[in-house]
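Notes follow the structure.
The values are calculated or read from the model by the stated rules, or taken from the named source; none is laboratory data. Here the structure is a predicted model, which means the values were calculated and not measured. Virtual Cβ from ideal backbone geometry, glycine too; neighbours counted across all protein chains shown.
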Amino acid sequence: MAGLIVFEVVVLAVLSAVLIREQKVELRSRTEQRLEFQARALAAEMSGAMKAGELESLQGVVNTLRDAPGIRAVQITDTQGRTLVSSDPGMTGKLALSTVERQYLHELTKATIFSLDEKTREAVAPVRVDGLTRGYVWIYPDESPDRAQLRRLLRYTLLAALFGIAGCTIIASLMARSITRPLALLMQATRRLIRNPEDTSSFPLTVSSTNEAADLTVAFNLMVASIHEQRTGLSDALALLDSMLANAPIGFAFFDRRLRFVRVNQFMAALNGLPVNRHLGRTVGEIFRGRMGTALEESIGKVFEQGQPVQDRELTSGPDDDASQMRSWLANVYPVRTEADVVRWVGVILVDTSERRRTEAALRKTEKLAATGRLAATIAHEINNPLESITNLLYLMRQRPLDPTSAEYANLAQHELARVSEITQQMLRFYRQPTVPSLANVGDLLDSVLTLYRGRVTALHVEVVRRYEPDVRLLCFAGELRQLFANLIGNALDAMTPGGGRLMLRMRHAANGGVRVTVADTGSGMSRGVLQRIFEPFFTTKVAVGTGLGLWVSAEIISKHKGTIRVRSRLRDDHRGGGTVFSVVFPQRTDKSNAPESDIPEKQIPEQATLTSVEAAT
């Protein structure tokens, strides 16, 4: 009713506004036409009087026009704006026109309506004698009669609106009463049924009409009768089922043929984080999203179709590349049959195995670490003997005269052999053996690593861009930094396989007085999930050749040097290039004591960087 009244008020208000606006425009148009006609007539009479030299005779005409309805004042001026004849005798001989009016007179050629602003109007017509303008006739309208007419129109419109609203309200009230009366009876019976579901004495309700409310009452009577019949036959079974569902330490749920929840226990609801009533009537896909919902729908549909249970079906949800957010369940799906051996519902038992899987993964990772330690010790013992032989052979070779290139290669081989020997000794503990740090040229370390990868760089057609500040030295463990740079450059080359790309190396002094080394590539890039796990041991995306230890060891080396590392990456797609940027900052130390080892380095891994180019990142 309130909506109807508001609608009527709005409609009548709009119609009234349109009507008044149109009436106002009409009155304004008629007034302007009348004023123009009166101005032309007075100008014609003034022309004859000026030509005959009888201006005094026009005073009566002006006074007569002033007394006409809708005219406030009349005056006749010469071309300079001086009053010749006026309805106000005191204005005769005075300058009565404003500056704006006098400027407007130069463009006046015929009778027109002159408006100083939106509210002030005046009719003006030139007085022409023998083809020359000798003066002007000014008529000032009185708009108070027009406003009074508009007010009367508004009063009549509002009165008609009130009568229309009152009539519509009375008619609507009578119609609403005929509809709401049977609905009120239905509502009262429904409330009694809600208070006591077992009490159906109020039903069936009496139907005394043939409208939609009567159809609703009949349908409600049938529904109550059906509910009462089902409750009578299933009360005992539901009591047993409710007890089992409420106290079972695993998730129970039952589904109909439309894959909608019909029953669910609290344990199952707790697994999803939704209350029990949010499950009922909703489908599997609405509660379980992604591949878990798809797999569960497939299993339930299979049981409905074949009538055979599905046992030990493993379900998972969450991102595959983030084990901390992945959840897993063990599902057993079985049919619930009626007396006619028809599958009426399907029951599902879910057991959350997420913690068990995480525990098993942790145990497997621990076993891998232990096995790797034992293998590292064995390999170190076996490698030491041939390394000693190679060292002796290199020493003997360097005692002979060599050309400069061979001597350079021999020196490089000697340095790398020493680093391999150092690594084998450190593998006995699977961590870096503490040594005395020394000042090393960071650019030379990077170039020595590039020399080792020269063959791969050439084969992959990789463009190497080096941006080094001159003579940047760092107090560090040179062998470990070579291993760090070798891991970063090797990963960059792997990311650009097989299409090639650009490898950028930048080395400069950092803002805190340390050294910043940046390794950037235009390779395939990494996803956000991979970025979160790249420093975990045994995590690798190179399943065939990767061990998952390169970046983990690199992080330990950075930690030992009290450094920090930042990683930014963007996946390559069809519309834009990809790439990865590793930026390592080492603080500058002045003492040569062994560096204290922190627990883990500061690894800042933001979301995928939105870089216009890898050069921008460096």
Give the residue, chosen from ALA176, ALA184, ALA161, ALA219, that is out of contact with any helix residue (DSSP H, G or I) (no Cβ under 8 Å at 6 or more places or on another chain), among the aliphatic types (A, V, I, L, M) and touching a residue at least 40 places away in the same chain (Cβ under 8 Å).
ALA176
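Which is out of contact with any Leu (no Cβ under 8 Å at 6 or more places or on another chain), in a helix (DSSP H, G or I) and modelled with pLDDT of 90 or more, of GLY455, GLY490?
GLY490
Quickly run through the range 129-149 and pick out the residues that are of a type in the set (Val, Ile, Thr) and over 22 Å from SER115 (Cα atoms). Outline the logic, then answer.
Within the range 129-149, the first condition is being of a type in the set (Val, Ile, Thr), and the residues that meet it are 129, 133, 137, 139.
Of everything in the range 129-149, just one residue is of a type in the set (Val, Ile, Thr) and over 22 Å from SER115 (Cα atoms), namely VAL129.
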Within the range 207-230, residues being of a type in the set (S, T, N, Q), loosely packed, with under 13 Cβ neighbours inside 10 Å and assigned to a helix (DSSP H, G or I) number 2
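Collect the residues in the range 555-581 that are in a helix (DSSP H, G or I) and among the charged types (D, E, K, R), keeping them in residue-number order.
GLU556, LYS560, listed by residue number.
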So which pairs qualify, if the first residue must be in the range 295-312 and assigned by TED's automatic domain parsing to the domain that holds GLY285, the second must be hydroxyl-bearing (Ser, Thr, Tyr), the Cβ gap must be under 6 Å, and the two must be at least 6 apart or on different chains?
PRO309/TYR334; VAL310/SER299
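Considering only residues that are under 37 Å from the mean Cα position of the chain (by Cα) and either closer than 17 Å to GLY490 by Cβ or part of a helix (DSSP H, G or I) (or both), look in the range 532-549 and name the one that is modelled with the lowest pLDDT.
Initially, the range 532-549 is screened for residues under 37 Å from the mean Cα position of the chain (by Cα), giving 532-543, 548.
Still in the list and also either closer than 17 Å to GLY490 by Cβ or part of a helix (DSSP H, G or I) (or both): 534-535, 539-543, 548.
Numbers: ILE534: 90, PHE535: 89, PHE539: 78, THR540: 77, THR541: 81, LYS542: 76, VAL543: 60, GLY548: 72.
That would be VAL543.
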Restrict the check to the range 59-76 and report whether at least one residue is surrounded by 20 or more Cβ atoms within 10 Å (Cβ to Cβ), farther than 14 Å from TYR140 by Cα, in contact (Cβ under 8 Å) with a residue 12 or more places away in the chain and in the same structural domain as LEU97 (by TED's automatic domain parsing).
no
What's the number of the condition SER328 fails, among (1) among the polar types (S, T, N, Q); (2) surrounded by fewer than 17 Cβ atoms within 10 Å (Cβ to Cβ); (3) modelled with pLDDT of 80 or more; (4) touching a helix residue (DSSP H, G or I) at 6+ places or on another chain (Cβ under 9 Å)?
(2)
Would you check if there is a residue in the range 296-311 being hydroxyl-bearing (Ser, Thr, Tyr), crowded, with 16+ Cβ neighbours inside 10 Å and modelled with pLDDT of 90 or more?
yes
Residue check for ARG482: in the same structural domain as PHE586 (by TED's automatic domain parsing), out of contact with any Asp or Glu (no Cβ under 9 Å at 6 or more places or on another chain) and under 27 Å from SER421 (Cβ atoms):
no
Out of ARG258, ARG291, sole residue that is farther than 27 Å from ALA237 by Cβ, touching a residue at least 24 places away in the same chain (Cβ under 8 Å) and charged (D, E, K, R)
ARG291
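Output the residues belonging to the range 141-194 that are β-branched (Val, Ile, Thr) and within 30 Å of ARG72 (Cβ to Cβ).
Of all residues in the range 141-194, those β-branched (Val, Ile, Thr) come to 157, 165, 169-171, 179-180, 190, 194.
The answer is THR157, and nothing else.
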For the range 126-155 the number of residues that are out of contact with any helix residue (DSSP H, G or I) (no Cβ under 7 Å at 6 or more places or on another chain), surrounded by 11 or more Cβ atoms within 10 Å (Cβ to Cβ) and farther than 23 Å from ARG28 by Cα is 1
Close pairs from the range 512-526: first of a type in the set (Lys, Arg), partner assigned to a loop (DSSP other than H, G, I, E, B) and surrounded by fewer than 24 Cβ atoms within 10 Å (Cβ to Cβ), Cβ under 6 Å, at least 6 apart:
ARG516/ALA510
Among the candidates ARG467, ARG533, single out the residue that is farther than 18 Å from ALA555 by Cβ and basic (Lys, Arg).
ARG467
Filter the range 226-243 for residues that are at pLDDT 70 or above and among the aliphatic types (A, V, I, L, M); which is farthest from PRO204 (Cα to Cα)?
LEU240
Scanning the range 497-531 for residues that are assigned to a strand (DSSP E or B) and of a type in the set (Val, Ile, Thr), the one farthest from LEU446 (Cα to Cα) turns out to be VAL515
Pick from the range 498-531, criterion within 35 Å of the chain's Cα centre (by Cα) and of a type in the set (Val, Ile, Thr), ranking: surrounded by the fewest Cβ atoms within 10 Å (Cβ to Cβ)
VAL530
Does ALA39 satisfy being assigned to a helix (DSSP H, G or I), crowded, with 18+ Cβ neighbours inside 10 Å and modelled with pLDDT of 70 or more?
yes
Any idea which residue in the range 77-125 is surrounded by the fewest Cβ atoms within 10 Å (Cβ to Cβ), counting only those that are at pLDDT below 75 and aliphatic (A, V, I, L, M)?
VAL100
